[in-house]
Amino acid sequence: MSDAGWDLALENIPICLLDYDGVLHHDEVYYKPGAGVFMNEGGHELFEWSHILADLLEPYPDVKIVLSTSWARMLGFEYARAALPEPLRSRVVGATFNNRDIQKADFDFMSRGIQVEWYVKRRGVRRWFAIDDDSDGWTLDDGRLVRTQSHLGLSETAVQEEVRRALALL
């Protein structure tokens, strides 16, 4: 994504702030130089539940994705975006971490909820919800967090129903 992608006006665009590990696949994911990103849990694969999110988003073509995953900070925005299967990849318009706005060390000291809240306030995002297995630091108690279980992610039908409700409210 070019730098121009970071300048998109997001105020009126419906946004899904998306974590990867524990949402789109089991949370036992690691990175090893030379080997790349790999799943460390037998019987699971990277992005195994991404098709569920793609299906849930299909009736909502205007919903864009902002990456709230640590992949964007640790491996870079382009890598994190490219790792997503289509049609999710084409919906990505940014990430909560952008080193032009904040230093990595400062960002790392924020909980996930504070990272998301900081991004939403900084960018003026009004129509949004988040899907994450990390509930630390979520001070916005307005039901915008769809919380997953780290080992089940979007595979749970109850979580899928919560995503449907969140999308309907956008």
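All of the numbers you see were taken from the coordinates with simple rules; none came from a lab. Every value quoted in this text rests on a predicted model; they were computed, and no experiment measured them. Cβ sites come from the backbone with ideal geometry, for glycine too, and all protein chains shown count toward neighbours.
Label sites at residue 78 and residue 44, each approximated as a point 7 angstrom past Cα along Cα to Cβ, lie 3.0 nm apart. Placing +1 on the Cβ of every Lys and Arg and -1 on the Cβ of every Asp and Glu, with no other charges, gives segment 22-77 a dipole of roughly 340 debye about its Cα centre. Each residue, residue 11 and residue 169, gets one label point 7 Å from its Cα in the Cβ direction; the gap between the two is 2.3 nm.
Just to confirm the filter: which GluC sites (Glu not before Pro) across segment 1-95 are DSSP coil and have at most 13 other Cβ within 10 angstrom of their Cβ? List each step's numbers first, then the result.
Working: sites: 11, 28, 41, 45, 48, 78; in loops: 11, 28, 41, 45, 48.
Here the sparse-neighbourhood loop sites are 11, 41, 45.
Return the calculated 222 nm mean residue ellipticity for the chain, to the nearest 500 deg cm²/dmol, obtained by summing -39500 (n - 2.57) across DSSP H runs with n ≥ 4 and dividing by the residue count. The partial results should precede the final answer.
On the way: 6 runs with 51 residues, N = 170.
Helix-only estimate at 222 nm: -8500 deg cm²/dmol.
Bridge orientation summary for the chain: considering DSSP beta bridges with both residues in this region, about 20 percent are antiparallel.
Under a Cβ-only charge scheme (Lys and Arg +1, Asp and Glu -1), can you give me the dipole magnitude of segment 3-169 about the Cα centre, in debye to the nearest 20?
Values: 18 positive and 28 negative charges, 123 e Å.
I would put it at about 580 debye.
Working note: Cα gyration tensor of segment 3-169, eigenvalues times five, square-rooted, sorted largest first, giving semi-axes of 21, 20, 16 Å.
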